Amino acid sequence: MQIQPVLSALRRHRLATLLIALEIALACAVLCNACFLIANRVGLMHVDSGVDERSLATISLTGYDDAKSTDLNARVTSGLRAIPGVQSVSVINQVPFGEHAGTAGITLDSAGKQFGGVVDFYVAGPESFKALGLQVVEGRAPSSDEYQPLQQFVPSNANVLVTRTLADHLWPGVDALGKEFWCDKFHFRVVGVVANLAKAEGSEGGPSTIQWSVFTPAQPGPNLSGRYLLRADPSQLWRVLRDARAAIATVAPDAVVDQLQSQTITDLRERHFRQDRVMAGMLIGVIVALLLVTALGIVGLASFWVAQRRRQIGIRRAIGATRGDILHYFQIENFLIVTFGIVLGMVLAYALNLLLMTQYELPRLPLYYLPIGALILWGLGQLAVLGPAMRAAAVPPVVATRSV
Amino acid sequence: MFAYYLDLALRSLKRNKVLTTLMILALALGIGATITTLTVLRLLSGDPLPQKSAQLFYPQIDPNPKDGYVAGETKPAPTMTYPDAMNLLHARRATRQAAIVLSQAKVMPLQANSHPFFSDTVMTTADFFAMFDAPFQFGGGWNANDDEGAAQEVVIASFLNDKLFGGTNSVGKVIRINDHDFRITGVLKPWAPQPRFYSQDLGGRSYGDGDAVFLPLKSGRAIKMGPGDIECYAAVSDMDHLEAAPCMWVGVWVELGDAASIASFKEYLANYAKQQVSLSRFQRSETSLLDLMGWLRDQQVVPDDVRLQAGLAFGFLLICVVNTVGLLLAKCLRRSREIGVRRALGATRSAIFAQFMVEAAIVGMAGGVLGLVFAELGLLGIRHQPAEYASLAHLDLAMFLFTFVVALVASLIAGILPAWRACVLAPAPQLKAA
């Protein structure tokens, strides 16, 4: 099959060809960018929190008198420990996917000149490190004497653990153990590195900062109270949480249970990413509708061309063209038009990506999206043209002998 | 003549049902998506107080240190320190003025065995209600003396009144807020401006239910109510005495009636900043006085996702229009012979053009009706989304009519090219071919 006759036929239908190509080009641009947006959202949704999500739940209390917080901690921890199935109860300031409580900027010198970044301080009491299930990749877990009393939201001088990502960001290429950093006048020394520990409310400073967390051991007290970490077997967790909420009413009637925040970590995660999930779903809907409309357009125009060329098809059949020749003719024609559209569409896709980058926090469109988009559109074009092309192939040679 | 074109168009559309259905369906999908997202966008970027917004202004000054300051390019801080807010308030340079801080109040119901709950709270000053046209169901607000005296008085929202007092007139009754007794001076009618312009950058929500408790700023601070958002520009060791700390946590609104008072307030604000610079309290003299809608734009109150959705829908509509152009073109080229006959019998080019435009318009109107159905389905979907504004997504009359405008414009734009091709067709070759 030669391409030359197809091209010269298309040249006689410039306008219609251009329209289909334009439609393909627009579809290509939107398709590539929508897929990229979906991939971004899905990437966000699969962030590794670094903790044993399935075994953990949290209870958050508010509205109690600050002066009674030490007493409250004692009452609540002993009350919650009494619930059957509870493996551990500890006090913590925040949990992944919950409300953030310890977000602050850090510096790499005591004078506060060399800015390190905005990190989340997980300030947590004894038992919490083991309960969270954090994975130490370097150094050691905090020892029991490192859990020191708090005068402010963090200890004034503490041995802490940082995440791998944060360590690599602050001290690239250097061993992070023993390194120091500051937050205002508070001083910290790194004694260990954990694999992952996601920030509580995600990444305000961009997706690369999502793991910028510091685990800070501390003793519960007036500056660390009200949020409790429960660990139980995953199969019992839900019941334990329900019992825990009920227990609060008796052990701490003076406090208000923050219902939204008192959840299993799995539920908090699910709520945290609900909007992203909805958006990803919507984008998929747009892509499906887009491909459908594009396919409909191709079917419509191809059918029209087939009907218009019935006589020519008949003549070609009469002088020896096989059914396969006719079928291939329309398939090649579609392939050429779609290719033309894709070339235009790649430029548009890139332009659209640049536009989106100025409006939203989005990285550049990776180049491999373009061939994937092209493959999808080629497939779609061939699928859409198959029906009309088969109808064309079914035109009998006898048509050539009839007038009109 | 129009009736004749209508008849011709309907006949032509009926002749090729599949193609017609495809055109209408594609156009309707595009219109449905566009109207759905535009309804949400309009809702979210709407004017919360249409009758008043042009007179409400949000003054901004900047106590931040010199670091990072670029003259003429750095925006002033979004909120104020307490002393600055009080200075502006006490100067009484505007018709009305109010300071606003958002917080959460622990409300204890009076019934036995009931649990305390948290309510969204606005700590403000006396002018708040009159300035923002907040309507009262019972009673009224407090006065300026109550502000200064930190009177334990409170205005509650109607939904809180329903919850605590079964909707009866509760003025004069007492409720317990953060374990202190407050006397109710007024109950608001249901009131929830969308977007909640006064909560921007103060740690509140932008959309959804209204706030429940309104009390004098000093009274709230006296019972240790903390602000929803604090921004400090220097190291702070004592967060309990925020009034004296180098921290910004108060929003100020002023009502200015005419251009002259706006100009004079701007001048006053600039002078105030300069004076603070000369006192070495400030390092930056930038000020800003945005009106309500300007402030909402500045705050980019409309979520990114919503703007992205609207953009996507427009892209989709564009593709649908291109699609319709192609299909209409196919239809009209197929009828070359019919056009030739009509031209030969005396129809002018404009008559042919009009005929095809009428046909495009019919496709557009049908697409509009079906698009409306899709839009309603889309909005139904939006109402099930987990967003603050979800329950507000409804199609109003303006958007209903706008749907048909979009449909008609889209289809007429789609129709121009095919109609033009049809009317420039030379009649003779078409007749000869037959």
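Points to keep in mind about this one:
- Some residue of region A:280-303 being within 14 Å of chain B (Cβ to nearest Cβ), closer than 27 Å to B:Arg335 by Cβ and not in a helix (DSSP H, G or I): no
- Whichever residue in region B:91-104 is among the aliphatic types (A, V, I, L, M) and out of contact with any Asp or Glu (no Cβ under 8 Å at 6 or more places or on another chain) and, among such residues, is farthest from B:Arg205 (Cα to Cα): B:Ala91
- Selected residue (only one of A:Ala27, A:Ala34, A:Ala16 is over 16 Å from A:Ile284 (Cβ atoms), facing chain B (nearest Cβ under 10 Å) and of a type outside the set (Asp, Glu)): A:Ala16
- Answer from A:Ile326, A:Ile332, A:Ile376 - the residue that is within 28 Å of the chain's Cα centre (by Cα), at pLDDT 90 or above, away from chain B (no Cβ under 14 Å) and part of a helix (DSSP H, G or I): A:Ile376
- Residue tally, condition over 26 Å from the mean Cα position of the chain (by Cα) and part of a loop (DSSP other than H, G, I, E, B), over region B:245-294: 10
- Count of region A:134-157 residues, restricted to those that are modelled with pLDDT of 90 or more, aliphatic (A, V, I, L, M) and either closer than 19 Å to A:Phe181 by Cα or in a strand (DSSP E or B) (or both), is 3.
- Looking only at region B:1-59, and only at residues there that are within 30 Å of B:Met80 (Cβ to Cβ) and small (Gly, Ala, Ser), the one that is farthest from the other protein chains (Cβ to nearest Cβ): B:Ala54
- Of all residues in region A:329-382 being charged (D, E, K, R) and in contact (Cβ under 8 Å) with a residue 24 or more places away in the chain, the one that is nearest to A:Asn40 (Cα to Cα): A:Glu361
- Taking every residue in region B:305-329 that is more than 7 Å from chain A (Cβ to nearest Cβ) and without any contact (Cβ under 8 Å) to a residue 24 or more places away in the chain and pairing it with any residue that is polar (S, T, N, Q) and crowded, with 22+ Cβ neighbours inside 10 Å, at least 6 positions away or on another chain, the pairs with Cβ-Cβ distances below 9 Å are B:Gly311/B:Thr37.
- B:Asp146 meets each of the listed conditions (1) more than 14 Å from chain A (Cβ to nearest Cβ); (2) in a loop (DSSP other than H, G, I, E, B) apart from (2).
- Among the residues of region B:102-143, the one identified as at positive phi and within 14 Å of chain A (Cβ to nearest Cβ) is B:Asn113.
- Among the candidates B:Lys173, B:Lys218, B:Lys224, residue that is free of Cβ contacts under 8 Å to residues at least 12 places away in the same chain, touching a helix residue (DSSP H, G or I) at 6+ places or on another chain (Cβ under 9 Å) and in the same structural domain as B:Tyr58 (by TED's automatic domain parsing): B:Lys173
- Output for region A:80-138, where each listed residue is charged (D, E, K, R), touching a Gly at 6+ places or on another chain (Cβ under 7 Å) and surrounded by fewer than 21 Cβ atoms within 10 Å (Cβ to Cβ): A:Glu138
- Matching residues in region B:308-342 - criterion: being more than 42 Å from the chain's Cα centre (by Cα) and aliphatic (A, V, I, L, M): B:Ala330, B:Leu333, B:Ile339, B:Val341
- Of all residues in region A:87-109, one or more are touching a strand residue (DSSP E or B) at 6+ places or on another chain (Cβ under 9 Å), away from every other protein chain (no Cβ under 14 Å) and more than 20 Å from A:Phe215 (Cα to Cα).
- Contacts under 9 angstrom Cβ, first residue in region B:251-279 being farther than 28 Å from B:Gly228 by Cβ, partner charged (D, E, K, R), 6 or more apart: B:Ser261/B:Arg93; B:Ile262/B:Asp291; B:Ser264/B:Arg93; B:Tyr268/B:Arg93; B:Gln275/B:Arg281; B:Val277/B:Arg284
- Number of the condition not met by B:Leu44 [criteria: (1) at pLDDT 90 or above; (2) under 16 Å from B:Tyr198 (Cα atoms)]: (1)
- All positions within region B:47-105 that are of a type in the set (A, V, I, L, M), within 22 Å of the chain's Cα centre (by Cα) and assigned to a helix (DSSP H, G or I): B:Ala54
- Criterion violated by A:Met357 - all others in (1) part of a helix (DSSP H, G or I); (2) within 12 Å of chain B (Cβ to nearest Cβ) satisfied: (2)
The values are calculated or read from the model by the stated rules, or taken from the named source; none is laboratory data. Quantities reported herein were computed from a predicted structural model and do not represent experimental measurements. When we count neighbours, we look across all protein chains shown, and the Cβ atoms used for this are built from the backbone with ideal geometry, even at glycine.
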